[in-house]
Amino acid sequence: MSADTKIAELLTELHQLIKQTQEERSRSEHNLLNIQKTHERMQTENKTSPYYRTKLRGLYTTAKADAEAECSILRHALDKIADIKSLLEERRLAAKMAGVYSDTDPPRKTMRRGVLMTLLQQSAMTLPLWIGKPGDSPPPLCGATPASSDYVAKQGDKVAARVKAVDGDEQWILAEVVSYSHSTNKYEVDDIDEEGKERHTLSRRRIIPLPQWKANPETDSEALFSKDQLVLALYPQTTCFYRALIHSPPHRPQDDYSVLFEDTSYADGYSPPLNVAQRYVVACKENKKK
C-alpha cells in the first residue's frame, strides 16, 4: 500500500473520529443540563436533601463516564494525526533521497529565505502538545525534559548542532539528521539553511535533539525551563542558536518563551525580551557567560 493511500485511509478514519466526538458531546449535553438545573433547584429551595445528593451523585457519575468516553475518542484521533505526520515525513525524506521535491517542499538549493522562515514557524506551531493521563510524567524531549542518555536522533529529526563557522569560531546551528553511525558514535547532519549547503560529521556531544512535544504550562510546568535559566534559543528570523536567559516561561499551551539573548551592545549585556517557541529552546551545556 502506498503512502498516499495510507494517508487517505487515515484521514477518513480521522474524520469519523471527529464526528464521533461531536456525537458524544451532543449526547452528554442533556446530562450536563440536568446537573445545572438540579443545582439551581437546590439554590432556590436553599437546602441539600438526601434526594438531591443521590441524584447529583448519579448525574456526576454519568458525566464522568461521558467525559472519559470523549477523551478516549480524542486520544485515538491524536494518534491518527501522529500517524499521518509520520507518513508525511517518511514521504518527504524519500523524496529528498530521490532528489524529487514537491511544490511545498522545494529543493534546498532553491529555497528562499522567507520560505525557510515560514516552514520553521509552521514546525513550531504544529509541534504536538503532550497530553498525559492523570499521574503520567512528561516523557523525554517534552519541553525542557532532556533526551535519555542513550537516545539517538532519527533521520530527518531537527537538532541543534555545534559546528565551526567560516571564521573558525564555533556556533550552534539548526540542522537535520542525515544518519548516525553506531560504530563511530557520530552523526551526519545538514545545515537547515540552504545558504550553508554544508554537511557536517559531528560527535554526539555536539548534538542536542529538539523537543518533540510542547509541555503544557497548566498541567506540566515542571517540564518547562524556569525564569533566569540559561538556555540556547533560536534567534528570531535566523537558523542559529544563541545563549539566552529565560525572561518568562509560557503561561498557556500556545504561548512562547520570552528570552533575553546575551548581547554586549546593551548596557546590561542582554537584549530586550524576544519570543521564541518551545520547539527552538534547549538546555545550554555551557554554564559560564562568555
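The values are calculated or read from the model by the stated rules, or taken from the named source; none is laboratory data. Worth saying up front: this structure is predicted, and the values here are computed from it rather than measured. Reconstructed Cβ throughout: ideal geometry from the backbone, glycine too, with neighbour counts over all protein chains shown. Keep in mind that these areas ignore ligands, DNA and RNA; they rest on the heavy atoms of the full protein, side chains included. Shrake-Rupley method; radii C 1.70, N 1.55, O 1.52, S 1.80 Å.
Is there a pair in 85/164; 19/64; 80/154; 154/227 whose C-alpha atoms are over 24 Å apart, and which pairs would that be? Intermediate values should be presented prior to the final figure.
Values: 85/164 33 Å; 19/64 20 Å; 80/154 21 Å; 154/227 31 Å.
Exceeds cut-off: 85/164; 154/227.
Selection among 43, 31, 21 by position relative to the dipole of region 18-60 gives 43 as farthest towards the positive end (Cβ unit charges, Cα centre).
Between the helical axis of 3-45 and the longest alpha-carbon principal axis of the chain there is an angle of about 40 degrees.
With all protein chains in place and a 1.4 Å probe, the accessible surface of region 106-205 carries 52 percent carbon and sulfur.
Rounded to the nearest 20 debye, what is the charge dipole size of region 30-169 about its Cα centre when +1 sits on each Lys and Arg Cβ and -1 on each Asp and Glu Cβ?
Its charge dipole is roughly 200 debye.
For semi-axes √(5λ) of the Cα gyration tensor in Å, computed directly from the structure shown, the correct entry in [x] 34, 24, 15; [y] 38, 28, 18; [z] 44, 27, 16 is [z].
Under the convention that each Lys and Arg Cβ holds +1 and each Asp and Glu Cβ holds -1, the size of the dipole of the chain around its Cα centre is about 480 debye.
Size check on region 117-197: the Cα extents along the three principal axes, sorted descending, read 50, 36, 22 Å.
Determine the relative contact order of the chain: mean sequence separation of Cα pairs under 8 Å and six or more apart, normalised by residue count, in whole percent. Each step should come with its number before you reach the end.
Values: 420 pairs, mean separation 38.5, N = 290.
The value is 13 percent.
The share of alpha-carbon pairs in region 38-83 lying farther apart than 18 Å comes to 52%. With a 10 Å cut-off between alpha carbons and a GNM built on the chain, which of 214, 158, 19 moves the most? Taking springs between Cα atoms under 10 Å, the residue moving most is 19.
Which net charge results for the neighbourhood of residue 127, defined as the other residues with beta-carbon distances under 9 angstrom from its beta-carbon, given Lys and Arg at +1 and Asp and Glu at -1? Don't jump to the answer; show the numbers that get you there.
Details: positive: 214, 279; negative: none.
Taking every other residue near residue 127 into account, the sum is +2.
Projection of the Cα convex hull of region 151-290, averaged over all directions and equal to a quarter of that hull's surface, yields 9.3 nm².
Taking the charge dipole of region 153-283 about its Cα centre, with +1 at Lys and Arg Cβ atoms and -1 at Asp and Glu Cβ atoms, the residue from 241, 160, 202 reaching farthest to the positive side is 202.
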